[in-house]
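Below is one structure, written out as structure tokens, with a few remarks after it.
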Amino acid sequence: MRAEATHNWIERGQAKVRGLSDTQPYEMRFLEESELDEAYELHQFVVSGMKHPHMFRADSKTFMAQHIECRGRTVGTFCDGRLAGYAAISFPDGDPDNLGRDLPLPEAEIAHVADYDGSAVHPDFRGNRLQLKMTDMRHRYALAHDRYHILGTVSPLNPVSLSNFLGFGCRVKNFMIKYDDMQRFIIHRDLRDEVSTEFDPTSLVDVPLSDRQRHKFLLRQGLHGYRVVPGVDEAHLRYGRPTVSRALSAFG
Ligand SMILES: CC(C)(COP(=O)(O)OP(=O)(O)OC[C@H]1O[C@@H](n2cnc3c(N)ncnc32)[C@H](O)[C@@H]1OP(=O)(O)O)[C@@H](O)C(=O)NCCC(=O)NCCS
């Protein structure tokens, strides 16, 4: 991936910070190589706080370095003098981890894929919609490079992140074992399309996040997961059959 100027991609705002009564200014921009250590430290801290090791993939420092200035870029949010959150986007092209192959997309579309390759917000800064805001910057960066298929993986143990991604317009389109032994929803959005909210009302069905067989069955029937809804014991994923869209008509 060629080097390029990204210093003009800056957004500013105000965020609430746990333990402080006043909101604090934040700056959102692409991380530089010199900030890798801070990003990796935040990553490790968030990993160490997860209730289950499969909820959030632990990445190596080398992997994170690749997404700062090599195979991708990483948006970082700085607030209250520290890194509050990060969100990586990669352009995997012919690499084996190109998630386009997990739908699968036609081979001609693989060059237009960008993968979400990790995001986290420090607990002190959660609730400011930073994942959404950093993802918006990831989308704009991807589109600026003709990458309109955005894909990611989310654990069924992680309803907060799944709900966020579905809120960004992604849809669950597959369910697989990834990263050796972790269950993952494969989420996809085609950024050329308006976010589709059109589902056949007679097709709607809610499935507990832990019901792996039912997810697989409904996805094989061509339904898409589009919303996390509360359930009695655990959150559910709502599925529906999309009315005609580019995803169905072109990639059936
Ligand atoms: C997923 C994550 C990045 C979202 O952080 P965020 O952008 O600050 O979240 P939001 O601002 O969208 O939060 C929306 C609501 O969920 C709450 N929330 C956020 N993260 C939460 C968590 N991990 N557990 C419980 N509630 C959480 C927020 O407080 C907020 O509640 P409110 O509406 O009552 O204020 C963050 O939870 C995180 O770092 N999780 C661990 C790593 C991870 O799962 N990464 C994504 C892997 S796919």
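Please treat every number below as a calculation from the coordinates, not as lab data. Note that the structure is a prediction, hence the values are computed from the model and not measured. Cβ atoms come from the backbone with ideal geometry, glycine included; neighbour counts cover every protein chain shown.
Here are the numbers for the structure shown:
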read-out: Extent along principal axes [Cα atoms of the chain; Å; largest to smallest]; value: 51, 43, 34
read-out: Structure-based [θ]222 nm, the chain - -39500 (n - 2.57) summed over DSSP H runs of at least 4, per residue, nearest 500; value: -7000 deg cm²/dmol
read-out: Cα-based Rg of the range 180-242 normalised by 2.2 N^0.38 Å, two decimals; value: 1.17
read-out: Cα gyration tensor shape of the range 61-127, rounded if a/c is under 1.5, else prolate or oblate by comparing a/b with b/c; value: prolate
read-out: Förster-model FRET efficiency, 22 Å R0, R140 and K16, C-beta, rounded to 0.05; value: 0.35
read-out: Over the range 151-214: Kirkwood hydrodynamic radius from C-alpha pairwise inverse distances, Å; value: 12.8 Å
read-out: Size-normalised alpha-carbon gyration radius of the range 33-81, reference 2.2 N^0.38 Å; value: 1.20
read-out: Residues F91, F199, F45, sorted so that the one with the fewest Cβ neighbours within 10 Å comes first; value: F45, F199, F91
read-out: Dipole magnitude (debye, nearest 20) for the chain, charges at Cβ of Lys, Arg, Asp, Glu; value: 740 debye
read-out: Where Cα atoms sit under 28 Å apart: lysine pairs in the chain separated by 8 or more or lying on different chains; value: 13
read-out: Largest-first principal axis extents of the Cα set of the range 1-119 (Å); value: 52, 38, 23
read-out: Simple spin-label estimate for A108 and E27 in nanometres, 7 Å along Cα-Cβ; value: 4.5 nm
read-out: Backbone N under 17 Å from the C70 label point (7 Å along Cα→Cβ), restricted to the range 92-132; value: 92-98, 115, 117-118
read-out: Inter-probe distance in nm under a simple model that places probes 7 Å from Cα toward Cβ, at L204 and H54; value: 2.9 nm
read-out: Modelled FRET efficiency - R0 41 Å, R220 with S34, Cβ distances, 0.05 increments; value: 0.30
read-out: Least to most buried among R147, R227 (fewest other Cβ within 10 Å first); value: R227, R147
